[in-house]
1. Given only helices, namely DSSP H runs of n ≥ 4 each adding -39500 (n - 2.57), what is the per-residue ellipticity at 222 nm of the chain, to the nearest 500 deg cm²/dmol?
2. So which residue, out of MET51, MET143, MET67, gets the largest mean-square fluctuation from a GNM of the chain using Cα contacts under 10 Å as springs?
3. If you build a Gaussian network model of the chain, linking Cα atoms that sit under 10 Å apart, which residue out of PHE36, PHE205, PHE224 swings the most?
4. Expressed as an acute angle from 0 to 90° and rounded to the nearest 10, what is the orientation of the C-alpha long axis of helix 73-94 relative to the principal long axis of the chain?
5. Treating cross-link reach as a plain straight distance, find the lysines whose alpha-carbon is under 20 Å from the alpha-carbon of LYS183, omitting any fewer than eight places away in the same chain.
6. Mind sorting LEU27, LEU115 by how few other Cβ atoms lie within 10 Å of their own Cβ, fewest first?
7. Can you tally the net charge around SER229? Count Lys and Arg as +1, Asp and Glu as -1, for every other residue whose Cβ sits under 14 Å from the Cβ of SER229.
8. Mind pulling the angle between the C-alpha long axis of helix 223-236 and the longest principal axis of the chain? Nearest 10 degrees, somewhere in 0 to 90.
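None of the figures in this text is laboratory data; all of them are computed from the coordinates on show. Predicted model only: the values in this text are computed from it and were never measured. Positions of Cβ are backbone-derived with ideal geometry, glycine not excepted, and every protein chain shown enters the neighbour counts.
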Amino acid sequence: MQQPSWVRTKPGEATLNGVNWGGLKTLYIKEVRRFFKVQLQTVWGPAVTTMLYLIIFTVAMGRTGRMVLGHPFADFLAPGLIVMAMLQNSFANSSFSLLVGKIQGTIVDYLMPPLSTGELIAGLVGAAVTRAFLVGGAVWLAMALWPGVSVEVRHPLAALWFGLMGSLLLSFLGVLTSIWAEKFDHAAMITNFVVAPLSLLSGTFYSVEQLAPTFRAISHLNPFFYVISGFRYGFLEVTDSPLMVGAFGLLALNMALWATCYSLLRSGWKIKN
């Protein structure tokens with residue numbers, strides 16, 4: 001039987017080859033528009049909260065001329081607060097999409113389009129990283145306008161690399177959380193008992209060199225510590241962690257998390273099953 005002229009491929013044969021750039025772009029724009037419609041809550045709100053941290057800690061501890069790693073306490077504190085806000089908002093964004101889809105029954109909107117597993121991850125993670133950098137930019141702008149604080153970027157590549165690695169780390173963790181979680185309480189549990197403690201106890205407000213040897217060793221097991229320390233190096237040119245160990249260690253960890261997200265989404269665990 002002769003195939004009709006309007007049929008370009010045989011039934012069941014893939015019509016998309018390579019990367020579906022159109023679908024990936026659509027998913028990315030959808031995810032960005034979702035959080036940008038409420039930007040006062042998702043971008044500017046975290047910037048205000050972070051500025052409050054800066055004001056409170058500098059008033060409480062910075063007026064005595066305290067120096068940390070050879071820099072005024074406010075200058076030491078600012079980069080850590082910027083990247084901490086980036087990490088928390090990256091996780092918040094990527095942990096929402098699939099979870100709300102499962103709860104509301106709209107998960108099919110992510111599964112039915114002609115997107116591969118890698119493209120789905122790229123769209124979700126890309127939007128989360130975008131939100132992280134928008135929040136980081138908003139916090140940086142607010143701190144740049146605040147008197148008595150210097151946020152001059154002296155090593156842009158270091159700040160960009162560790163900001164990107166940290167945002168990707170929390171994005172992948174958010175995707176894993178949204179796959180595993182069955183209700184919002186589960187995601188909130190990860191936020192409250194994993195993300196918040198690891199970010200607050202990672203050297204944001206202090207140098208780990210001031211800790212006792214046991215707690216210093218524990219801090220070096222925290223990946224958030226390497227993100228914050230490396231990001232701070234981009235501003236202050238000083239660090240309390242091995243810079244190259246952090247740079248390549250975070251890259252390896254992100255690759256492992258990507259592989260985990262890929263295998264779970266491809267298997268349909270807690271999504272298709």
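1. Numbers: 12 runs with 174 residues, N = 273.
About -20500 deg cm²/dmol.
2. Most flexible of the set in this elastic network: MET67.
3. Ranking PHE36, PHE205, PHE224 by mean-square fluctuation puts PHE36 first.
4. Helix 73-94 sits roughly 20 degrees off the main axis of the chain.
5. The reachable lysines, counting only those whose Cα sits under 20 Å from LYS183, are LYS102, LYS270, LYS272.
6. Values: LEU27 23, LEU115 20.
Taking fewest neighbouring Cβ atoms as first place, the list is LEU115, LEU27.
7. On the way: positive: ARG216, ARG232; negative: GLU209, GLU237, ASP240.
Here the charged neighbours net out to -1.
8. 60 degrees
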